[in-house]
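Just so it is clear, none of the values below were taken in a lab; they were calculated from the coordinates. Given the structure is predicted, the values throughout are model-derived calculations rather than measurements. With ideal geometry, Cβ positions are generated from the backbone for all residues, glycine too; neighbour counts draw on all protein chains shown.
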Amino acid sequence: MKEQLAQIREAALAAVAAAEDSAAIEELRVRFLGKKGEVSAILKSLGSLSAEERPKMGQLANEVRADIESAITDKKAELGKAALAARLESEKIDITMPSKKTSIGGLHPLNTVLADMIDIFQSMGFDVVDGPEVETDYYNFEALNIPADHPARDMQDTFYLGENILLRTQTSAAQIRTMKDRKPPIRIVCPGRVFRADEVDATHSPVFHQMEGLVVDKGITMCDLKGVLEQFAHEIYGPETKVKFRPSFFPFTEPSVEVDVTCSECGGKGCRVCKGSGWIEILGAGMVHPNVLRACGIDPEVYSGFAFGIGLDRLTTTRYKISDIRLLFENDKRFLEQF
Ligand code: DAH
């Protein structure tokens, strides 16, 4: 029996040492130490020994069992470590690999120009207000002294969403909302998107941008209009820029003007950008029509005001010498990255 135990011990330890995974180890545990295992068989047969032999063999069998147990425990730990090491190796992150580039982006040139314009007007005490892009006929036309049958409507090909609902064709609608909302003195600018059913070409887009301005107070005159707009042009285009006020017509102002600045490309000599004239038109303006003040509940005998509407897209294309307005809306990163 002694020899048998020695053989079991030897065979078990060799098998455990050679085991390659935890399933094999488990098999060995059952084979040697399980209830029906080889060591248990020996222990069960101790009864057949003499009283003298029994404790010795019992002790020996228990030692063999303990040896096999500890060999199994050690092997399990060893296999566990090896498995972990293999996993760490196979799941290793290669930190030398270049990471994906994240691009932070930048301001769209229209937004750069807009931010500059807002700065200029805020420094002159204007508030910035917002207005809806979907407007009613009343705010976009009617209250601006453009009744339904007025020929001025032809100048603004309109996207109608319903009988009286439309995409605003001009930020001037914000004048009405502001005057109905606030009491004079009023000094606001309202930048935003406007929409017209225009064919797309190098200078036209069905979506473009304007900034509306409105000042209403007691004693406001054309001099205030000229002063503010001249100051604006000098700050945007430089102090050497000349500003020209041409008589014009808008239904919501009287008198009305259009404002040109000397071409920033040629300084006024005439070039491709200004089509040889030396001037670039940047905005429309005028003294708020008494009908418009009245429509908003402001007494034109007491108050007067001026208003203007600046086209942002033209300002941006001339400032950055962009030859085609479509480039502003295509969102091609290769183009936008240049600014
Ligand atoms: N709304 C005009 C347009 O889109 C621009 C304009 C002209 C705005 C004169 C004004 C103004 O406020 O007084 O053509």
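So in the stretch 304-325, with the set limited to residues that are away from the ligand (no atom under 16 Å from the Cβ) and out of contact with any Phe, Trp or Tyr (no Cβ under 7 Å at 6 or more places or on another chain), which one is farthest from THR262 (Cα to Cα)?
Only one residue fits best here, namely ASP324.
Can you go through HIS204, HIS209 and tell me which one is under 33 Å from the mean Cα position of the chain (by Cα), under 24 Å from PHE121 (Cα atoms) and of a type outside the set (Asp, Glu)? Answer to the selection: HIS209.
Could you check the stretch 168-192 and list, in sequence order, the residues that are within 13 Å of the ligand (Cβ to nearest atom) and loosely packed, with under 14 Cβ neighbours inside 10 Å? None; the set is empty. Hey, among the residues in the stretch 151-167 that are within 14 Å of the ligand (Cβ to nearest atom) and free of Cβ contacts under 8 Å to residues at least 24 places away in the same chain, which one's surrounded by the fewest Cβ atoms within 10 Å (Cβ to Cβ)? Within the stretch 151-167, the match that is surrounded by the fewest Cβ atoms within 10 Å (Cβ to Cβ) is ASP154.
Look at the stretch 26-50: where a residue is acidic (Asp, Glu), no partner that is surrounded by 13 or more Cβ atoms within 10 Å (Cβ to Cβ) and not in a helix (DSSP H, G or I) sits 6+ places away or on another chain with Cβ atoms under 7 Å.
Filtering the stretch 193-209 to residues that are closer than 23 Å to LEU161 by Cα and either within 12 Å of the ligand (Cβ to nearest atom) or charged (D, E, K, R) (or both) leaves ARG193, VAL194, PHE195, ARG196, ASP198, GLU199, PHE208, HIS209. Consider the stretch 236-288 and keep the residues that are within 11 Å of the ligand (Cβ to nearest atom) and part of a loop (DSSP other than H, G, I, E, B). The one that is surrounded by the most Cβ atoms within 10 Å (Cβ to Cβ) is PHE252.
Of the helices (runs of 4 or more DSSP H) lying entirely inside the stretch 73-183, those containing at least 3 residues that are under 22 Å from ALA295 (Cα atoms), of a type outside the set (Phe, Trp, Tyr) and in contact with a strand residue (DSSP E or B) (Cβ under 9 Å, 6 or more places away or on another chain) span 173-181. Taking every residue in the stretch 256-282 that is acidic (Asp, Glu) and pairing it with any residue that is more than 16 Å from the ligand (Cβ to nearest atom) and in a loop (DSSP other than H, G, I, E, B), at least 6 positions away or on another chain, the pairs with Cβ-Cβ distances below 8 Å are GLU265/CYS271; GLU265/ARG272; GLU265/VAL273; GLU265/CYS274; GLU265/LYS321.
Here the stretch 289-303 is the region considered, the condition is being of a type in the set (A, V, I, L, M, F, W, C) and either touching a helix residue (DSSP H, G or I) at 6+ places or on another chain (Cβ under 7 Å) or within 14 Å of the ligand (Cβ to nearest atom) (or both), and the residue that is farthest from VAL194 (Cα to Cα) is ILE298.
Residues that are surrounded by 18 or more Cβ atoms within 10 Å (Cβ to Cβ) and either more than 11 Å from the ligand (Cβ to nearest atom) or assigned to a loop (DSSP other than H, G, I, E, B) (or both) within the stretch 210-235 comprise VAL216, ILE220, VAL228, PHE232, ALA233, listed in sequence order. Being surrounded by 12 or more Cβ atoms within 10 Å (Cβ to Cβ), touching a helix residue (DSSP H, G or I) at 6+ places or on another chain (Cβ under 9 Å), at negative phi and in contact (Cβ under 8 Å) with a residue 40 or more places away in the chain is a property that holds for LYS75.
The set of residues in the stretch 301-339 that are among the aliphatic types (A, V, I, L, M) and touching a strand residue (DSSP E or B) at 6+ places or on another chain (Cβ under 9 Å) comprises ALA307, ILE310, LEU312, LEU315, ILE325, LEU328. Looking across PHE339, PHE335, PHE306, one residue alone is touching a helix residue (DSSP H, G or I) at 6+ places or on another chain (Cβ under 7 Å), buried (at least 17 other Cβ atoms within 10 Å of the Cβ) and farther than 16 Å from ARG193 by Cα. It is PHE306.
Residues in the stretch 132-150 that are surrounded by 20 or more Cβ atoms within 10 Å (Cβ to Cβ) and in contact (Cβ under 8 Å) with a residue 40 or more places away in the chain: ALA143, LEU144, ASN145, ILE146.
Restricting the search to the stretch 1-28, which residues are surrounded by 15 or more Cβ atoms within 10 Å (Cβ to Cβ) and not in a helix (DSSP H, G or I)? Of everything in the stretch 1-28, those that are surrounded by 15 or more Cβ atoms within 10 Å (Cβ to Cβ) and not in a helix (DSSP H, G or I) turn out to be MET1, ALA19.
For the stretch 217-236, how many residues are touching a residue at least 60 places away in the same chain (Cβ under 8 Å) and within 18 Å of LEU283 (Cβ to Cβ)?
Here is the first cut: in the stretch 217-236, the ones touching a residue at least 60 places away in the same chain (Cβ under 8 Å) are 217-222, 224-225, 228-229, 231-232, 235-236.
Now restrict to residues that are within 18 Å of LEU283 (Cβ to Cβ): 220, 222, 224-225, 228-229, 231-232, 235-236.
Of the residues in the stretch 217-236, 10 are touching a residue at least 60 places away in the same chain (Cβ under 8 Å) and within 18 Å of LEU283 (Cβ to Cβ).
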